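The structure appears below as structure tokens.
The values are calculated or read from the model by the stated rules, or taken from the named source; none is laboratory data. Note that the coordinates shown come from a computational prediction; the quantities given were computed from them, not determined experimentally. Neighbour counts are summed over all protein chains in view; Cβ atoms, including those assigned to glycine, are modelled from backbone coordinates with ideal geometry. Accessible surface is based on the protein model in full, side chains and every heavy atom, while ligands, DNA and RNA are left aside. Shrake-Rupley method; radii C 1.70, N 1.55, O 1.52, S 1.80 Å.
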Amino acid sequence: MAAPGPGEYFSVGSNVSCLTCLGQRLQGEVVAFDYQSKMLTLKCAPSSGKSNLSDVMLINLAYVSEVEIINDRTETPPPLASLNVSKLANRARSEKEDKLSQAYAISAGVSLEGQQLFQTIHKTIKDCKWQEKNIIVMDDVVIAPPYQVDNCKGKEGSALSHIRKIVEKHFRDAESQKSTQRTQAQQTQKDSSLSS
């Protein structure tokens with residue numbers, strides 16, 4: 001491990017490059033470093049490709065084989081940006097609810113198709129929950145197994161019509177994806193038999 005020795009540290013704002021024990025090269029700007037736990041926080045180029053965003057990596061230096069300081073920052077770092085704690089708490093609560101919902105669906109024996117449909121609906125309509133094996137959307141629409149368009153029940157109107165369109169599109173997209181995968185598998189099989 002190339003972790004810092006006694007008295008060594010990483011300056012906030014410095015650019016470093018690390019090689020993990022898995023052979024992954026990580027490079028970025030030091031945001032924080034905790035000497036006691038040997039944890040390094042780097043702000044790296046965004047994996048999403050959006051230039052106004054950054055990825056933040058927490059790196060345990062116990063699992064790093066090499067660290068190279070590319071550019072050491074000697075001046076005082078800029079003040080830390082303020083965090084919107086209530087927004088972070090709401091996001092954490094929302095993520096927890098989503099994970100609990102997924103766990104409930106699995107424990108209730110909901111089919112994979114039902115779980116995937118729930119996730120698709122939940123992306124656009126947050127007011128979506130499980131009631132046993134039924135999906136309840138906006139307390140107006142109930143989707144029962146096997147979760148097809150015909151299984152959408154509720155008061156006729158725009159809400160029911162909208163949910164039916166989402167369900168129809170979900171299964172159309174899923175079928176299209178399966179068809180593409182089958183075609184690719186057949187092409188791979190064909191290519192491998194031709195090269196033999």
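Which angle from 0 to 90°, rounded to the nearest 10, does the C-alpha axis of helix 158-195 make with the longest principal axis of the chain?
70 degrees
Carbon-plus-sulfur fraction of the accessible area of region 92-189, 1.4 Å probe, in percent? Before the final figure, lay out the partial values.
On the way: 3360 of 6530 Å².
The computed percentage sits at 51.
For Lys133 and Ser192 in the same chain, what is the full-extension length gain: residue separation times 0.36 nm, less their Cα-Cα distance, in nm? If you can, show how the numbers build up before the last one.
Numbers: separation 59, 0.36 × 59 = 21.24 nm, distance 4.31 nm.
Result: 16.9 nm gained on full extension.
So what does the Cα-only Debye profile of the chain read at q = 0.18 Å⁻¹, as log10 I(q)/I(0), no solvent term?
Rounded to two decimals, the profile gives -1.10.
Quick one: grab the alpha carbon gyration tensor of region 30-134, order the square roots of its eigenvalues as a ≥ b ≥ c, and give me rounded if a/c is under 1.5, else prolate or oblate depending on whether a/b is larger than b/c. Spell out each step's value before the answer.
On the way: a/c = 2.80, a/b = 2.28, b/c = 1.23.
Here region 30-134 falls in the prolate category.
In Å², and per residue, what accessible area does the chain have when probed at 1.4 Å with the other protein chains present?
Working: 13560 Å² over 196 residues.
Ligands and nucleic acids excluded, the figure is 69 Å² per residue.
Among 51-62, 160-171, how do they line up by average Cβ neighbours within 10 Å per residue, starting with the highest?
Details: 51-62: 13.0, 160-171: 16.8.
The packing order, highest mean first, is 160-171, 51-62.
What shape does region 30-87 have by the C-alpha gyration tensor, where a ≥ b ≥ c are the square roots of the eigenvalues, rounded means a/c under 1.5, and otherwise prolate means a/b greater than b/c and oblate the rest? Numbers along the way, then the final one.
Working: a/c = 1.45, a/b = 1.33, b/c = 1.09.
Judged from the Cα gyration tensor, region 30-87 comes out rounded (a/c under 1.5).
Taking the Cα centroid of region 9-66 and of region 72-112, what is the distance between the two, rounded to the nearest whole Å?
20 Å
Extension gain Leu88-Gln27, at 0.36 nm per residue separation less the Cα-Cα distance, in nm?
19.3 nm
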